[in-house]
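Enquirer: Mind looking over this structure? Questions follow.
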Amino acid sequence: MSERSGLWTHYRTCNLCEAMCGLEISLDGERITAIRGDQADPFSQGHICPKAVALQDIYADPDRLRQPLRRTAAGWETIGWDEAFDEAAAHLKRVQAEFGPAAVGVYLGNPNVHNLGSSLLGTTLTRALRTPNVFTATSVDQLPHHFAARMMFGHQLLLPIPDVDRTDFFLILGANPLASNGSLMTAAGIDRRLKAIQGRGGRIVVVDPRRTETAARADEYIPIRPTTDVLLLLALIRTILSEGLARPDRLAGFMTGLDDLWPIVADYTPDRVSPVTGIPATTITGLARAFAASPSAVCYGRIGLSTQRFGGLCQWLINVLNIITGNLDRPGGAMFTTPAFDVVDAPRAGKYGRWRSRVRGRPEFMGELPVTTLAEEITTPGEGQIRALVTVAGNPVLSTPNGQQLDRALESLDYMLAIDIYLNETTRHAHLILPPTTGLETEHYDVLFHILAVRNTAKYSPPLYEPDTDTRHDWQIYRALAQRLATPERPYDTAHPLNQMTPAMILDFGLRTGPYGKDGLSLDTLRANPHGVDLGPLQPRLPDHLFTPDKRIDLLPALLVQDLQRARAAFFNGVTHTDGFNLTLIGRRDLRSNNSWMHNSRRLVRGKDRCTVLMHPDDAAARGLADGQRVAVQSRVGCIELPLEVSAAMLPGVVSIPHGWGHDRRGVRLAVAQEHAGASLNDLTDKTFLDELTGNTAQRCPRARLSLVAYYAFSAMLC
Ligand SMILES: Nc1nc2c(c(=O)[nH]1)N[C@H]1C(S)=C(S)[C@@H](COP(=O)(O)OP(=O)(O)OC[C@H]3O[C@@H](n4cnc5c(=O)[nH]c(N)nc54)[C@H](O)[C@@H]3O)O[C@H]1N2
Ligand SMILES: Nc1nc2c(c(=O)[nH]1)N[C@H]1C(S)=C(S)[C@@H](COP(=O)(O)OP(=O)(O)OC[C@H]3O[C@@H](n4cnc5c(=O)[nH]c(N)nc54)[C@H](O)[C@@H]3O)O[C@H]1N2
Ligand code: SF4
Ligand SMILES: [Mo]
């Protein structure tokens with residue numbers, strides 16, 4: 001690579017979270033002198049958060065792996081790429097030859113969707129492994145959104161996005177965009193966008209068990225008992241119907257089920273759900289009326305709703321609420337995007353239930369199984385047992401329920417391959433780690449997040465740094481492995497376009513054949529516009545863009561309607577909990593953290609310890625606990641210790657712990673993170689606790705009991 005000299009500027013999109021912030025990176029030669037928000041980016045308009053600056057820390061991190069690492073009896077040794085590819089493929093083939101394709105499992109983590117090569121070519125590897133045992137971070141995250149979208153609109157990627165820039169009423173349940181920067185709502189500068197709602201006389205209402213940063217900003221904050229949102233949503237819908245406020249308008253012309261909605265919701269009066277949700281009936285009635293009366297309104301529910309027992313029901317009912325008030329597919333409501341590179345097409349419509357997990361019999365959805373079943377699939381003997389695992393950009397030991405059990409299960413594997421940039425809590429179990437390029441060394445285009453963005457834009461970022469000749473991109477690793485995984489019966493097809501084209505070529509092809517291709521949009525256009533191009537506000541797309549067989553919205557998909565029985569039984573069957581547990585545990589996010597993997601940046605972990613348990617002052621006083629004191633939190637599956645932070649922001653009876661911490665395990669090579677180790681929330685969450693319908697983990701609501709042991713401890717347990 002030719003050395004660049006003098007002062008110059010590089011423009012790119014931050015790939016760390018979903019917000020798609022444009023960055024302006026100032027350099028002196030090869031050295032970064034500043035990372036700022038790119039004012040000229042039409043989407044983010046100058047917004048960034050503290051994590052963007054840490055991109056340079058990841059690039060320069062001495063702990064980051066740069067060469068394949070093999071585990072030996074004497075410790076880790078670096079080896080060459082070809083040797084590494086040969087060895088990994090030989091082991092995976094050996095296991096599959098002896099025990100069948102299912103004996104190799106795959107776990108794909110979150111950064112895959114933030115990486116162009118992995119978004120476009122990740123299937124190279126999964127196809128080559130041809131295993132039914134595919135797991136991803138989706139089942140500890142947004143699976144219920146996909147499920148509801150698939151059932152109602154015919155495609156799992158037809159996710160309605162809140163049109164925040166035009167709405168008059170933003171109802172937020174279980175999301176804290178001021179900390180997370182928005183999710184399934186790519187909206188760089190959400191802070192500015194929220195202020196603008198209020199600036200034009202609109203209203204923001206937040207429903208959350210914690211008075212979050214976003215709740216504090218809202219016009220109204222409504223505390224709710226965890227997991228009871230399904231009842232609130234039913235009561236809102238019921239009120240709107242009973243008071244004659246439903247106005248589905250043009251949506252009625254291409255929808256089935258509206259006439260049958262009333263009997264389904266009729267029982268859920270505000271008075272009936274009030275004692276369970278903890279929300280006064282008058283508040284529910286008032287909210288329903290205000291939402292229905294607003295010229296435009298949108299209800300949006302995120303992690304707090306999708307990772308709970310009734311995640312599928314919640315996401316379905318949110319869509320129903322938006323639909324019956326006419327707010328789906330109209331400006332200011334919940335809209336579908338028109339991305340320049342569109343992967344939402346009929347062949348890719350997700351399937352459901354084609355196979356089941358071996359041990360617990362959980363159905364597949366979109367080709368994957370719930371990750372909560374991974375550990376048992378590894379440890380339960382029998383035909384089809386997982387004996388080898390490939391993890392790609394994932395840290396399931398910290399990010400999935402009952403992490404300690406998975407930690408132990410990984411130890412028992414016959415072979416494990418990790419494609420990852422760090423030797424961390426998960427990858428330390430690998431026999432081989434293949435470290436790809438990342439962040440500043442990669443070209444970037446947000447294939448997924450443009451589909452989820454509050455405005456249609458397109459932006460391509462070239463790599464800032466050319467990778468060393470001796471490193472590989474993720475997609476090059478997949479290809480190298482796929483070639484070697486080929487067998488005489490399943491040869492590697494070198495002529496296949498997807499095995500020939502680079503991500504940039506595929507992107508260019510997609511842009512040219514996409515919705516703006518006829519106007520001349522191509523990769524060249526994007527290269528010529530380094531700040532990105534604006535393609536305008538979201539446009540109505542229905543009914544044309546529906547993928548249901550009859551091109552109608554299914555308001556009442558049978559699987560979802562049936563699942564209401566489970567909610568009814570859980571809340572109204574008259575059985576009271578007799579286990580004595582009286583605290584419920586939920587999660588939270590912090591602006592300077594990003595799931596489990598950015599705690600090795602000193603500038604992000606500096607300052608006050610953020611891995612604390614938040615508890616309401618009354619709960620603390622009742623237990624004689626003081627702010628700052630170390631407490632032990634115990635659940636059915638584990639026990640962790642961490643400092644207590646007494647906070648009036650918590651709903652009494654509910655405590656909150658952030659996830660992604662717990663770096664003090666043996667063999668982890670993350671020097672800074674280990675100094676700020678914290679404890680892992682997922683050593684408490686329970687893998688048996690999930691949304692029975694969608695298979696998504698319900699991480700947020702083990703019920704917790706404070707048991708006074710030698711030190712003050714509380715036990716978290718299942719609802
Ligand atoms: N209790 C609880 N648990 C949760 C959540 C919660 O709210 N509460 N949130 C859940 C959610 S929403 C998610 S998305 C998951 C995330 O779950 P995971 O995806 O399993 O975890 P991450 O912490 O994102 O780990 C990312 C891994 O990718 C590696 N990595 C980073 N960049 C690259 C790259 O460019 N290439 C490759 N190959 N590797 C890379 C990192 O080193 C790290 O090992 O966690 C979930 N877990
Ligand atoms: N800084 C930072 N940003 C991130 C991430 C990160 O780790 N750090 N992770 C990224 C990822 S992978 C994702 S998926 C997104 C997630 O983005 P968000 O969904 O905005 O994530 P959270 O901030 O965890 O907000 C979830 C909220 O749900 C509330 N909650 C918990 N249980 C319930 C419940 O039963 N009912 C209701 N109504 N509320 C409940 C919690 O108190 C919390 O305020 O964030 C992304 N952005
Ligand atoms: S909000 Fe997200 S995309 Fe924007 S700078 Fe921060 S981490 Fe990057
Ligand atoms: Mo996520």
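The values are calculated or read from the model by the stated rules, or taken from the named source; none is laboratory data. Keep in mind it's a predicted model, so treat the numbers as computed, not measured. Ideal geometry is used to build each Cβ from the backbone, glycine not excepted, and the neighbour counts take in all protein chains shown. SASA here: full protein model, heavy atoms, side chains in, ligands and nucleic acids out. Shrake-Rupley method; radii C 1.70, N 1.55, O 1.52, S 1.80 Å.
Enquirer: Taking region 602-629 on its own, how many of its residues are outside any loop (DSSP other than H, G, I, E, B), open to solvent by 50 Å² or more (accessible area, probe 1.4 Å) and farther than 23 Å from Arg211 by Cα?
Expert: Within region 602-629, residues that are outside any loop (DSSP other than H, G, I, E, B), open to solvent by 50 Å² or more (accessible area, probe 1.4 Å) and farther than 23 Å from Arg211 by Cα number 2.
Enquirer: Identify the residue in region 673-697 that is of a type outside the set (Lys, Arg) and open to solvent by 20 Å² or more (accessible area, probe 1.4 Å) and, among all such residues, is nearest to Val371 (Cα to Cα).
Expert: Within region 673-697, the first condition is being of a type outside the set (Lys, Arg), and the residues that meet it are 673-686, 688-697.
Subset that is open to solvent by 20 Å² or more (accessible area, probe 1.4 Å): 674-676, 678, 688, 692.
On the way: Gln674: 26, Glu675: 29, His676: 27, Gly678: 24, Thr688: 11, Glu692: 13 Å.
Here the answer is Thr688.
Enquirer: Residue by residue through region 495-506, note down the ones that are within 19 Å of Leu125 (Cβ to Cβ), open to solvent by less than 70 Å² (accessible area, probe 1.4 Å) and in a helix (DSSP H, G or I).
Expert: Result: Leu498, Asn499, Pro503, Ile506.
Enquirer: Quick check: anything in region 637-657 crowded, with 23+ Cβ neighbours inside 10 Å, under 22 Å from the mean Cα position of the chain (by Cα) and not in a strand (DSSP E or B)?
Expert: Scanning region 637-657 turns up at least one residue that is crowded, with 23+ Cβ neighbours inside 10 Å, under 22 Å from the mean Cα position of the chain (by Cα) and not in a strand (DSSP E or B).
Enquirer: Another question, then. Scan region 122-137 and tell me whether some residue there is hydroxyl-bearing (Ser, Thr, Tyr) and either within 30 Å of Arg217 (Cβ to Cβ) or within 16 Å of ligand 3 (Cβ to nearest atom) (or both).
Expert: No, that holds for no residue.
Enquirer: With the requirement that a residue be among the aliphatic types (A, V, I, L, M) and either open to solvent by 20 Å² or more (accessible area, probe 1.4 Å) or free of Cβ contacts under 8 Å to residues at least 40 places away in the same chain (or both), what does region 541-563 give you?
Expert: If we filter region 541-563 for residues that are among the aliphatic types (A, V, I, L, M), which is where we start, we get 542, 546, 553, 555-556, 558-561.
Scanning region 541-563 gives Leu556, Ala558, Leu559, Val561.
Enquirer: Can you tell me which of (1) open to solvent by 20 Å² or more (accessible area, probe 1.4 Å); (2) touching an Asp or Glu at 6+ places or on another chain (Cβ under 8 Å) is the one Ala346 doesn't meet?
Expert: Going through the list (1) open to solvent by 20 Å² or more (accessible area, probe 1.4 Å); (2) touching an Asp or Glu at 6+ places or on another chain (Cβ under 8 Å), Ala346 breaks only (2).
Enquirer: Give the residue, chosen from Thr513, Thr502, that is within 30 Å of Leu485 (Cα to Cα), of a type in the set (Val, Ile, Thr) and free of Cβ contacts under 8 Å to residues at least 40 places away in the same chain.
Expert: Testing whether each residue is within 30 Å of Leu485 (Cα to Cα), of a type in the set (Val, Ile, Thr) and free of Cβ contacts under 8 Å to residues at least 40 places away in the same chain leaves just Thr502.
Enquirer: Also, I was wondering about something else. If you check Ile284, Ile303, which single one turns out to be open to solvent by less than 50 Å² (accessible area, probe 1.4 Å), touching an Asp or Glu at 6+ places or on another chain (Cβ under 8 Å) and closer than 24 Å to Arg566 by Cα?
Expert: Ile303
Enquirer: Take the residues in region 374-399 that are more than 14 Å from Trp597 (Cβ to Cβ) and open to solvent by less than 10 Å² (accessible area, probe 1.4 Å), then tell me which one is farthest from ligand 2 (Cβ to nearest atom).
Expert: Ala388
Enquirer: So Tyr107 ticks every box in (1) assigned to a strand (DSSP E or B); (2) farther than 28 Å from Val605 by Cα; (3) within 16 Å of ligand 1 (Cβ to nearest atom) but one. Which box is left unticked?
Expert: If we test Tyr107 against (1) assigned to a strand (DSSP E or B); (2) farther than 28 Å from Val605 by Cα; (3) within 16 Å of ligand 1 (Cβ to nearest atom), just (2) comes out false.
Enquirer: Here is a further query. Scan region 321-338 and tell me whether some residue there is at pLDDT below 95, buried (at least 19 other Cβ atoms within 10 Å of the Cβ) and in contact with a Pro (Cβ under 8 Å, 6 or more places away or on another chain).
Expert: no
Enquirer: Does Leu614 meet the test of being within 16 Å of ligand 4 (Cβ to nearest atom), aliphatic (A, V, I, L, M) and not assigned by TED's automatic domain parsing to the domain that holds Arg210?
Expert: Here the answer is no, as Leu614 does not meet what is asked.
Enquirer: Also, quick follow-up: Taking the condition away from ligand 1 (no atom under 16 Å from the Cβ) and part of a helix (DSSP H, G or I), does Ala88 pass?
Expert: No.
Enquirer: Can you say whether Val298 is touching a residue at least 12 places away in the same chain (Cβ under 8 Å), in contact with a Pro (Cβ under 7 Å, 6 or more places away or on another chain), β-branched (Val, Ile, Thr) and farther than 25 Å from Asn112 by Cα, as far as the supplied structure shows?
Expert: For Val298, the condition - touching a residue at least 12 places away in the same chain (Cβ under 8 Å), in contact with a Pro (Cβ under 7 Å, 6 or more places away or on another chain), β-branched (Val, Ile, Thr) and farther than 25 Å from Asn112 by Cα - is met.
Enquirer: Out of the residues in region 169-186 meeting the condition of being more than 13 Å from ligand 1 (Cβ to nearest atom) and among the hydrophobic types (A, V, I, L, M, F, W, C), tell me which one is farthest from Leu452 (Cα to Cα).
Expert: Per the criteria, the residue is Phe169.
Enquirer: Kindly evaluate Ile35 against the criterion of being more than 16 Å from ligand 1 (Cβ to nearest atom), open to solvent by 10 Å² or more (accessible area, probe 1.4 Å), touching a residue at least 12 places away in the same chain (Cβ under 8 Å) and not assigned by TED's automatic domain parsing to the domain that holds Thr471.
Expert: So Ile35 fits the description; yes.
Enquirer: When you check Ala569 against the structure, is it more than 30 Å from Gly189 (Cα to Cα) and assigned to a strand (DSSP E or B), yes or no? Walk me through how you get there before you give the answer.
Expert: Working: more than 30 Å from Gly189 (Cα to Cα): yes; assigned to a strand (DSSP E or B): no.
For Ala569, the condition - more than 30 Å from Gly189 (Cα to Cα) and assigned to a strand (DSSP E or B) - is not met.
Enquirer: How do the strands (runs of 3 or more DSSP E) wholly within region 117-226 filter down when requiring 2 or more residues that are within 16 Å of the chain's Cα centre (by Cα): which remain?
Expert: Filter on region 117-226 gives 134-136.
Enquirer: Any residue in region 345-357 that's in contact (Cβ under 8 Å) with a residue 40 or more places away in the chain: show its pairings with residues that are surrounded by 10 or more Cβ atoms within 10 Å (Cβ to Cβ) and of a type in the set (Gly, Ala, Ser) at Cβ separation under 8 Å, as long as the two are six or more apart or on different chains.
Expert: Pairs that qualify, where the first residue is in contact (Cβ under 8 Å) with a residue 40 or more places away in the chain and the partner is surrounded by 10 or more Cβ atoms within 10 Å (Cβ to Cβ) and of a type in the set (Gly, Ala, Ser), are Ala349/Gly154; Gly350/Gly367.
Enquirer: Ok, one more. Which of the following residues is small (Gly, Ala, Ser), open to solvent by less than 50 Å² (accessible area, probe 1.4 Å) and in contact with a helix residue (DSSP H, G or I) (Cβ under 7 Å, 6 or more places away or on another chain): Ala486, Ala480?
Expert: Step by step, each of Ala486, Ala480 is checked, and only Ala480 is small (Gly, Ala, Ser), open to solvent by less than 50 Å² (accessible area, probe 1.4 Å) and in contact with a helix residue (DSSP H, G or I) (Cβ under 7 Å, 6 or more places away or on another chain).
Enquirer: State whether one or more residues within region 432-439 are surrounded by fewer than 24 Cβ atoms within 10 Å (Cβ to Cβ), under 27 Å from Gly182 (Cβ atoms), over 24 Å from the mean Cα position of the chain (by Cα) and in contact (Cβ under 8 Å) with a residue 40 or more places away in the chain.
Expert: no
Enquirer: When Phe153 is evaluated against the numbered criteria (1) at pLDDT below 95; (2) under 25 Å from Ala346 (Cβ atoms); (3) of a type outside the set (A, V, I, L, M), which criterion, by number, is the only one it fails?
Expert: It fails just one condition, (1).
Enquirer: What tally of residues in region 46-61 results from selecting those that are in contact (Cβ under 8 Å) with a residue 40 or more places away in the chain and surrounded by fewer than 17 Cβ atoms within 10 Å (Cβ to Cβ)?
Expert: Counting residues in region 46-61 that are in contact (Cβ under 8 Å) with a residue 40 or more places away in the chain and surrounded by fewer than 17 Cβ atoms within 10 Å (Cβ to Cβ) gives 3.
Enquirer: Same structure again: Check Ile451, Ile421 and return the single one that is β-branched (Val, Ile, Thr) and open to solvent by less than 10 Å² (accessible area, probe 1.4 Å).
Expert: The match here is Ile451.
Enquirer: Can I ask one more? From the list Arg700, Arg705, exactly one residue is at pLDDT below 90, among the basic types (Lys, Arg), over 18 Å from the mean Cα position of the chain (by Cα) and open to solvent by 20 Å² or more (accessible area, probe 1.4 Å). Which is it?
Expert: Values: Arg700 fails: over 18 Å from the mean Cα position of the chain (by Cα).
Arg705 is the lone residue from the list that is at pLDDT below 90, among the basic types (Lys, Arg), over 18 Å from the mean Cα position of the chain (by Cα) and open to solvent by 20 Å² or more (accessible area, probe 1.4 Å).
Enquirer: For region 200-218, state whether one or more residues are in the same structural domain as Pro331 (by TED's automatic domain parsing), open to solvent by 50 Å² or more (accessible area, probe 1.4 Å) and within 20 Å of Ile161 (Cβ to Cβ). Outline the logic, then answer.
Expert: The initial filter retains those residues of region 200-218 that are in the same structural domain as Pro331 (by TED's automatic domain parsing), namely 200-218.
This time we only want the ones that are open to solvent by 50 Å² or more (accessible area, probe 1.4 Å), so: 200-201, 203, 211, 213, 216-217.
Cutting the leftovers down to within 20 Å of Ile161 (Cβ to Cβ) gives us 200, 203.
Yes, region 200-218 has at least one match.
Enquirer: Of the conditions (1) touching a residue at least 60 places away in the same chain (Cβ under 8 Å); (2) open to solvent by less than 10 Å² (accessible area, probe 1.4 Å); (3) within 16 Å of ligand 3 (Cβ to nearest atom), Ile237 fails just one. Which one is it?
Expert: (3)
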